[in-house]
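The values are calculated or read from the model by the stated rules, or taken from the named source; none is laboratory data. Predicted model, so just to flag it, every value in this text is computed and none were measured. Ideal geometry is used to build each Cβ from the backbone, glycine not excepted, and the neighbour counts take in all protein chains shown. Heavy atoms of the whole protein, side chains included, go into the accessibility calculation; ligands, DNA and RNA do not. Shrake-Rupley method; radii C 1.70, N 1.55, O 1.52, S 1.80 Å.
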Amino acid sequence: MGQPVVHFEVIGKDGEKLQGYYSELFGWEIDADNPMNYGVIQREGNVNADGVGIGGGVAAGPEGHDGHLTFYVEVPDVGATLDKAEKLGGKRLFGPDEVPGMEMILGQFTDPEGHLIGLIQA
């Protein structure tokens, strides 16, 4: 059995504007009431009639970052998965890093064609 996609992320230059855009376009309830102003979209309330859907986030990136669109895969060990991604021709961008105040570890890499992929260990 494969590892699940558990989160998507839209990062741009103007997080507040993007949050408003996607909220209006798709009816997403976006909660950015946190120290990083990271707009969280909960899975609950954003699924189809069969219960299919994932949560995600919309926010601004760091100064000078043009933005990205990615998805996160839940893995048992972010460090080991990043190592494997590199051995298969990918490039580690960061991680494994603990998220302050949350019980999760994140990492990101690009695949051999440069696509950004996120990893999460909860």
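Could you tell me how many of the residues in the stretch 54-70 are at negative phi and either part of a strand (DSSP E or B) or of a type in the set (Gly, Ala, Ser) (or both)?
Narrowing the stretch 54-70 to residues at negative phi: 54-63, 65-66, 68-70.
Restricting the remaining residues to those that are either part of a strand (DSSP E or B) or of a type in the set (Gly, Ala, Ser) (or both) gives 55-61, 68-70.
Selection size over the stretch 54-70: 10.
Determine whether Gln42 is under 25 Å from Val78 (Cβ atoms) and either within 12 Å of the chain's Cα centre (by Cα) or not aliphatic (A, V, I, L, M) (or both).
On the way: under 25 Å from Val78 (Cβ atoms): yes; either within 12 Å of the chain's Cα centre (by Cα) or not aliphatic (A, V, I, L, M) (or both): yes.
Taking the combined requirement at face value, the residue satisfies it.
Among the residues of the stretch 1-21, count how many are open to solvent by less than 100 Å² (accessible area, probe 1.4 Å) and farther than 17 Å from Ile120 by Cβ.
Residues in the stretch 1-21 being open to solvent by less than 100 Å² (accessible area, probe 1.4 Å) and farther than 17 Å from Ile120 by Cβ: 6 in total.
Could you list, in sequence order, all residues of the stretch 90-122 that are assigned to a loop (DSSP other than H, G, I, E, B), open to solvent by 70 Å² or more (accessible area, probe 1.4 Å) and charged (D, E, K, R)? First the steps, then the outcome.
In the first step, residues of the stretch 90-122 are kept if they are assigned to a loop (DSSP other than H, G, I, E, B); the result is 90, 99-104, 111-115, 122.
Okay, now just the ones that are also open to solvent by 70 Å² or more (accessible area, probe 1.4 Å), so 100-103, 112-113, 115, 122.
Residues satisfying the conditions are Glu103, Glu113.
Out of Glu44, Glu24, report the one residue that is surrounded by fewer than 14 Cβ atoms within 10 Å (Cβ to Cβ), more than 23 Å from Met102 (Cβ to Cβ) and acidic (Asp, Glu).
Values: Glu44 fails: more than 23 Å from Met102 (Cβ to Cβ).
None of the other options fit; the residue is Glu24.
Looking for something assigned to a loop (DSSP other than H, G, I, E, B) and under 15 Å from Ile120 (Cβ atoms) - is there at least one such residue anywhere in the stretch 23-38? Before the answer, list the steps.
Initially, the stretch 23-38 is screened for residues assigned to a loop (DSSP other than H, G, I, E, B), giving 27-29, 32-38.
Next, only the ones that are under 15 Å from Ile120 (Cβ atoms) stay: 38.
Within the stretch 23-38 (the criterion being assigned to a loop (DSSP other than H, G, I, E, B) and under 15 Å from Ile120 (Cβ atoms)), the answer is yes, since at least one residue qualifies.
Of the numbered conditions (1) under 19 Å from Ala122 (Cβ atoms); (2) in contact (Cβ under 8 Å) with a residue 24 or more places away in the chain; (3) surrounded by fewer than 16 Cβ atoms within 10 Å (Cβ to Cβ), Gly53 fails exactly one; give the number of that condition.
It fails just one condition, (2).
Please go through the stretch 72-89 and pick out each residue that is surrounded by fewer than 15 Cβ atoms within 10 Å (Cβ to Cβ) and either part of a loop (DSSP other than H, G, I, E, B) or in contact with a His (Cβ under 7 Å, 6 or more places away or on another chain) (or both).
Pro76, Asp77, Leu88, Gly89
Go through the stretch 55-81 and report how many residues are over 14 Å from Tyr22 (Cβ atoms) and out of contact with any Pro (no Cβ under 6 Å at 6 or more places or on another chain). Break it down into steps so the answer makes sense when it comes.
Here is the first cut: in the stretch 55-81, the residues over 14 Å from Tyr22 (Cβ atoms) are 61-66, 68, 70-81.
Right, trim to out of contact with any Pro (no Cβ under 6 Å at 6 or more places or on another chain) and you get 61-66, 68, 70-73, 75-77, 80-81.
The total comes to 16.
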